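Worksheet: one structure, shown below.
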Amino acid sequence: MLIVHVHVHVKPESVAEFMQATIENAEASIHEPGIARFDVVQQQDDATRFVLVEVYRTPEAPAAHKETAHYAKWRDAVAPMMAEPRQSVKFNAVCPAPEGW
């Protein structure tokens, strides 16, 4: 499993719109066969900061995800909402995933 944390800093005036677009993308993404999990979390002490926690079943799944229409729609919609470019950090799973992932 490949786990990607995408760190996003959103302009304050765009938080609600970013959340709506990102939840829509996450809900579509979780139906992709290569995605085991797709969480959107918001920092408690700074509502403009988010982390997308993407758990992929295979090394090829992130590229397949980026070819979907819902990802392209999200990418284009949120680009002007960013306070700074988003950054991603990749992780390898160390312990087994829970049953059903």
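Give the aspartates and glutamates whose C-alpha is closer than 20 Å to that of K11, dropping any in the same chain fewer than 8 places away, or say none.
Cross-link targets: E24, D45, D46, D76, E84.
Below 13 angstrom from the Cβ of F91, what's the summed charge of the other residues (Lys, Arg +1; Asp, Glu -1)?
+1
Based solely on its DSSP helices, what 222 nm [θ] is calculated for the chain when runs of n ≥ 4 H residues each add -39,500 (n - 2.57) and the sum is averaged over all residues, nearest 500 deg cm²/dmol?
-8500 deg cm²/dmol
Name the shape class, rounded, prolate or oblate, that the alpha-carbon gyration tensor gives for the chain, where a ≥ b ≥ c are the square roots of its eigenvalues, rounded holds for a/c under 1.5, and otherwise prolate holds if a/b is larger than b/c and oblate otherwise.
Numbers: a/c = 2.03, a/b = 1.52, b/c = 1.34.
Prolate is the answer for the chain, as a/c is 1.5 or above and a/b outweighs b/c.
Taken together, the values in this text are just the output of simple stated rules run on the coordinates, not laboratory data. All figures in this text were calculated on a predicted structure; none of them were measured in a lab. For neighbour counting, all protein chains shown are included, and Cβ atoms are generated from backbone atoms with ideal geometry for every residue, glycine included.
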